[in-house]
1. How large is the charge dipole for the protein assembly as shown, taken about the Cα centre, if only the Cβ atoms of Lys, Arg (+1) and Asp, Glu (-1) carry charge, to the nearest 20 debye?
2. Which FRET efficiency value, to the nearest 0.05, do you get for B:CYS26 and B:VAL6 by plugging their Cβ-Cβ distance into 1/(1 + (r/R0)^6) with R0 = 25 Å?
3. Mind checking the mean number of beta-carbon atoms from other chains within 10 Å of the Cβ atoms in B:95-102?
4. Span-like helices, chain A: DSSP H, alpha-carbon axial extent 18 Å or more, mean Kyte-Doolittle -0.5 or greater, which ones?
5. Show the residues, 5+ positions off or on another chain, whose built amide H is closer than 5 Å to the amide H of A:GLY81.
6. Given R₀ = 30 Å, what would the calculated FRET efficiency be for B:GLU120 paired with A:LYS274, taking r from the Cβ atoms and rounding to 0.05?
7. Quick one: if you stick a label point 7 Å off each Cα along the C-beta vector at A:GLN287 and A:THR259, how many nm between them?
8. With a ≥ b ≥ c taken as the square roots of the eigenvalues of the C-alpha gyration tensor of region B:136-222, please select rounded if a/c is under 1.5 and otherwise prolate if a/b is larger than b/c or oblate if it is not?
Amino acid sequence: MDNIVIETRQLTKIYGEQTVVNEVNLHVRKGRIYGLLGRNGAGKTTIMKMILGLSSVTSGEVDVFSQTIKGNEKYIYPRIGAIIETPGFYPNLTGTENLEIFAKLRGTSRPNAVKEALGVVGLPYRDKKVFSKYSLGMKQRLGIANAILHDPELLILDEPTNGLDPIGIAEVRSFIQDLCVKRGKTVLISSHILSEISLLADDIGIIHNGVLLEENSLAELHKRNSKYILLQVSDTAKAVLLLERRFHVKEYSVQDTHTVLLYDTDLDMAEINKALMLENISVISLQLCNDTLEDYFKKVTGGEGIA
Amino acid sequence: MKWTLVFFFSTIISICVIVYLWAKLCRVKEQISNIKDALEDIKKGNLNRRILTRKSDMTKTICYNINEIVMNNQSQLTKLKQSEQAYKRLMTSLSHDVKTPLTSLVGYLEAIQEKIVTGEEKEEYIGVALAKAYHLKDFVESLFEWVKLDAKEQIFQFEICDLNELSRNILADWIPTLEDKLFGYEIDIPDLEYSVYLDRNAYVLILNNLFQNILLHSGGDKIRFQIFEDKVQAAIIVTDNGKGIPKKHLSHIFERLYQGDESRSTSGNGLGLSIVQELVSIHSGMIRAENLSHGGATFTITLPKAL
């Protein structure tokens with residue numbers, strides 16, 4: 001498939017006797033933000049490291065840009081930007097000097113790439129402060145600047161908001177969204193915070209104890225996990241009239257000729273059913289859907305949940 | 001002896017020069033092959049591909065220029081794609097927004113036709129059905145307004161108007177409605193003349209939509225209208241004392257068909273504010289929405305002063 005940027009097949013990593021990543025089949029689609037969600041130690045970072053060749057693969061395969069990594073490193077890696085854990089920079093040089101070294105090594109796509117990358121993350125250009133004096137948040141920002149320095153097609157970000165303050169987190173979030181929406185980049189991002197991923201990602205992969213439990217689009221998950229009563233009847237016009245007159249239902253939407261969604265989940269469903277039957281409207285189905293995303297993750301991870 | 005020494009040195013120098021040029025040639029060759037690969041990829045439609053180059057490379061200007069062209073193409077393409085997607089979303093939500101009130105309308109009319117209701121109740125049913133029909137009509141009208149704006153087919157007649165006078169006239173028309181809905185109001189418009197270059201109908205529509213929005217969604221019972229003016233621009237501030245705009249909706253309320261109220265209950269259509277924003281931007285103005293710390297929301301429109 002042309003549309004898949006990263007594909008892993010049966011990707012496995014074993015350290016000694018411990019299986020850290022177990023037969024993971026990941027599919028990151030082009031131009032989307034893929035959120036890898038899991039608790040600490042679930043195997044998120046290990047998967048990213050294997051994709052980037054920073055950690056050897058025990059078994060299985062990784063394809064990036066529809067090419068296997070092995071043998072094509074020279075062509076693939078310049079097209080990826082990444083931050084894994086704390087990025088390594090020279091402590092005695094300033095942020096600008098550090099990035100200039102990377103720009104020289106890697107090459108850039110624009111004449112003033114360093115200045116622009118620093119501007120994007122909100123760090124000063126040609127500042128005198130050396131890296132060792134940076135705060136955790138500034139270090140993280142410099143790491144992000146380094147990842148986007150060469151305007152890569154694919155970004156792999158391992159918990160990029162670690163150590164940032166709430167405003168910084170919001171900034172990074174909107175910046176990642178911009179990259180994806182306005183500039184068509186593909187992003188693979190990991191996090192252990194559900195609320196953060198649900199604000200950002202298009203697709204979600206849930207990983208638990210090294211196993212990929214679920215891979216789906218967020219829209220699909222939201223659809224499956226919102227609060228409403230699903231009502232299927234033979235005649236929606238009659239049913240809606242009854243609901244409006246007798247149950248004073250105001251918040252509903254008619255989906256098609258047989259389906260109505262009621263957004264007030266406190267309604268007495270048994271009464272509704274009875275009333276519909278008495279009016280000769282046959283009820284095909286009537287069900288309450290009120291799982292939240294959180295409940296769902298708890299279910300998927302076997303009750304342990306995600307922080 | 002002397003000549004052999006000269007000969008020896010000149011041979012060494014020539015060898016050095018040859019090696020240097022050879023290395024240079026190899027580097028350029030490699031660069032060209034890189035450029036070729038990238039261009040091949042770009043030709044296939046991957047507009048995210050960038051050619052990376054170092055500051056010392058001979059080919060750097062070519063690479064920078066190719067990158068710039070590709071980037072510009074890409075940003076245009078993304079814009080096109082975004083508007084295409086927006087239209088698709090518009091169409092799907094449209095079918096829901098029309099279907100729901102229409103189904104309910106059919107329900108009421110059927111009940112009347114089948115003589116299920118009689119006398120006073122029948123009159124009431126007709127009233128409700130009429131209200132729903134009006135709502136649909138309003139929706140279709142604002143939709144039409146919006147499509148015209150979006151397609152840039154609307155023709156505006158800009159003229160220099162007295163903003164204060166025009167605002168006073170519009171507000172005078174609103175007062176009976178406000179009193180009818182038991183809304184308190186406070187109006188503060190300067191007595192001086194203030195010229196703004198605008199389209200009268202568009203300005204009327206801006207204020208109407210803003211007021212309509214507050215009446216329908218704010219949940220408050222007080223409205224404050226103020227105009228502040230200085231040498232360069234006028235700020236039109238409309239404040240209510242309602243429940244405010246939930247934080248997660250605040251950044252989206254000007255998007256088309258965005259409704260903070262997820263249930264899409266029958267009032268409102270999600271077009272009003274996006275029309276306002278479109279119109280304000282046509283007047284080279286800005287609009288923003290904020291929540292007040294003590295409850296309520298405020299909309300601020302700035303319009304430049306006519307020269």
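The values are calculated or read from the model by the stated rules, or taken from the named source; none is laboratory data. Predicted model only: the values in this text are computed from it and were never measured. Neighbour counts are summed over all protein chains in view; Cβ atoms, including those assigned to glycine, are modelled from backbone coordinates with ideal geometry. Areas reflect the complete protein model, heavy atoms only, side chains present, ligands, DNA and RNA absent. Shrake-Rupley method; radii C 1.70, N 1.55, O 1.52, S 1.80 Å.
1. Numbers: 71 positive and 77 negative charges, 782 e Å.
Here the size comes out at about 3760 debye.
2. On the way: r = 30 Å, r/R0 = 1.21.
Computed FRET efficiency for B:CYS26 and B:VAL6 comes out at 0.25.
3. What the average comes to for B:95-102 is 4.
4. A:136-148, A:166-183
5. A:LEU154, A:LEU155, A:ILE156
6. The computed FRET efficiency comes out at 0.65.
7. 1.1 nm
8. oblate
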